1. What's the magnitude of the charge dipole for the stretch 127-259 around its Cα centre, counting Lys and Arg as +1 and Asp and Glu as -1 at the beta-carbon? Answer in Debye, nearest 20.
2. Take every Cα pair under 8 Å in the stretch 2-120 that's 6+ residues apart, average their separations, divide by the length, and report that relative contact order as a whole percent.
3. Mind listing the phi-derived Karplus ³J(HN,Hα) values for the stretch 428-435, rounded to whole Hz, using 6.51, -1.76 and 1.60 with θ = phi - 60°, and x for any glycine or proline?
4. Which distance in nm do the two modelled labels at residue 150 and residue 114 give, with both placed 7 Å along the Cα-to-Cβ direction?
5. What is the extension gain from residue 382 to residue 406, computed as 0.36 nm multiplied by their sequence separation minus the C-alpha to C-alpha distance, in nm to one decimal?
6. Probe radius 1.4 Å, ligands and nucleic acids ignored: give me the carbon and sulfur share of the accessible area of the stretch 127-259 as a rounded percent.
7. Provide the gained length on full extension for the span residue 65 to residue 138, in nm with one decimal, where the gain is 0.36 nm per separating residue minus the Cα-Cα distance.
8. For the stretch 2-120, which whole percent of the accessible surface, found with a 1.4 angstrom probe, sits on carbon and sulfur atoms?
Amino acid sequence: MDTDAHRLESSLWVGRKRYRAVLNGWHFSWTLLDKQNRDRKTVSVPVSELIGVEEGQVEFQPQKKVTETDRDFTVFSIKRHCKGGGSGVFWTLGRTQFYCPSRDLRDRWVTQLRNALKTHSPSRPHRLLVFINPFGGKKRGRKIYHSLVAPLFELAGISTHVVVTERANQARDHILKKDLTGFDGVVCVGGDGMFSELLHGVIGRTQQEAGLSEHDPTVTLQPCDLHIGIIPAGSTDCVCFATVGVNDPVTSTLHIIIGDSQPLDVCSVHHTSLFVRYSVSLVGYGFYGDVLAESERYRWMGPLRYDFSGCMVFLSNRSYRGKVYFLPADSQLSSPRDNTRCFAGCHVCSESTERLFPQSDSISHTGFLYSTQYSQHSSPWEGEWETVEGEFKCISLTCMSSCCPRSPLGLSPSAHLADGTADLILVRDTHPLGFLTYLHRHTNSQDQFDLPFVEVHRVKAVRFSPPPGEDEAEQLDDPDSGGTVMAEDDGQGETAAGGDWTGSAQHLSARVQERGVVGTKKRAKRDFLCGPCCRRSPSVSVWNCDGELLPFTEVLCRVHGQLVRLFARGIEEEFVTCNGTLGKKNFKGRYITHT
Ligand SMILES: Nc1ncnc2c1ncn2[C@@H]1O[C@H](COP(=O)(O)OP(=O)(O)OP(=O)(O)O)[C@@H](O)[C@H]1O
Ligand SMILES: CCCCCCCCCCCCC/C=C/[C@@H](O)[C@H](CO)NC(C)=O
Ligand SMILES: [Ca+2]
């Protein structure tokens, strides 16, 4: 046996086979020895990927079962699986049971492994605040949490406070108002809508504490310390998919347990001088706005509602006039058409950290560096604004690729999670077959930007104006314009802007100012979608902001680089992590990786 404070080495048995086990600070490895003591196969686990070390013979599936013995210990760690064909890297709980020649040695291994875990994984959460939406997706949130997630948290020694929500925006309000002392992160069990609640709560609270106004689009917002975890249990789970690579509750739980940290760009949406909402995945006008508005009528269909509404909206063949102003990002740094992808450890994103936080000289409690000279005074609007005017099928702004199970590479496959920019995709009016080709390319390996009616720009800010005379006030007042705002309450609780979307734009503005965040789609039912048989096409669409409808057509969007952090690490490359079982070509022929 060889041992010191950071190193332990001895023979151990796994089943009937003898191994040479070594713990050397960052790695725990065990090598199969043959009868001549020659090394055979080595298994190596980074200490950062250990989930727990238990005395005795411990089984976990389907429930934890402990058989107390003197000479055994069980190690739980992360195990990766690739199903192939670009379906992503799944994580499961790996288990290895070791037998030691003596009790003393067993105790040393257990102590030393636990010490290594503490020393080398300092950013692991100890206490989490969990919100479960019992109605999200297929309504399986509670079951997913109690059967798959909670036992893993318990195994990893993480304590939790669980809130099963009883109304929309309860999670957001809780984060904004309640005492969060002692929590290392907040977790939602639900879909993109639940994530959005946590996002608004965490950002809002951080700005309140920093004394910053969310309404002023020129203010540099304070980055948030409190990490957000997402256990996918929704209809689209786009944010989870785009930051982890799969929408699998166990994979996400394991990322949370080991304290992974992925910074994320966030777009703030403003109307005149009012803050409206934050977005990380999609701020979309035209097709995606119409699909969301239409889908609200079919909530009872569950996740299928988006497909059904997609067909309805496609058949209605609408396009909308407007003017788009945008502030381009530095084209020397990256481009939405450079055929790269943002994978875990992406160097474009890490270089952006240095650019976004140039004088990183203070350390937050999570150990991340932030600048104390957070530049409140430099103008975010440096550079030349460009303008595009015309008739659009859709206008989409996305801070990330926005890949999801429906679109494995997303709206903008080369977008980055944390580079301080968003991709603006303008799809001009075209014949239905052209638009269908564009949509279809989201689902396969063809380049959706290589079409004559599509353009894409990497941007820092965007402003949209509908044609003159098509502003909110008119939409609200003119029932024939298709923009009627209906007073409707589905009885599921209060939203940020309140339930009564009646009256004038001024009234709405006042409500937004009063409450900060505009309410959910349940209140945002503009009756402009009458399906393909509609008498007259509406002249304005509606904005879809991460699955919520916005009550304003004229908007200003600004990207805030790395404003929040998720318990994630970005998408792991199958080619790299699964050791050559897949070629990059299988993933999507035209993509190469930044190294
Ligand atoms: N108890 C509740 N009752 C009603 N609505 C709720 C409740 N808890 C949360 N919500 C709201 O439900 C909305 C949808 O929830 P969620 O995002 O979890 O599922 P989803 O809509 O099926 O998934 P996705 O957003 O991925 O499409 C959210 O906007 C959230 O604010
Ligand atoms: C002919 C086949 C047509 C298929 C069209 C597929 C297009 C899929 C594009 C998916 C983009 C998803 C962007 C994500 C948006 C989310 O923020 C939001 C909230 O969950 N989801 C929706 C549906 O608005
Ligand atoms: Ca980005």
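The values are calculated or read from the model by the stated rules, or taken from the named source; none is laboratory data. Remember, it's a predicted structure, so these values are computed and weren't measured experimentally. All Cβ positions, glycine included, derive from the backbone under ideal geometry; neighbour counts span all protein chains shown. These accessible areas exclude ligands, DNA and RNA; they are computed on the full protein's heavy atoms, side chains included. Shrake-Rupley method; radii C 1.70, N 1.55, O 1.52, S 1.80 Å.
1. 540 debye
2. On the way: 228 pairs, mean separation 26.5, N = 119.
Result for the stretch 2-120 is 22 percent.
3. Couplings: 6, 4, 8, 6, x, 5, x, 5 Hz.
4. Once both label points are built, they end up 2.5 nm from each other.
5. Extra length from residue 382 to residue 406 when fully extended: 5.0 nm.
6. Taking all protein chains in place, the stretch 127-259 shows 48 percent carbon and sulfur surface.
7. 23.2 nm is the gain from fully extending residue 65 to residue 138.
8. Ligands and nucleic acids excluded, carbon and sulfur reach 46 percent.
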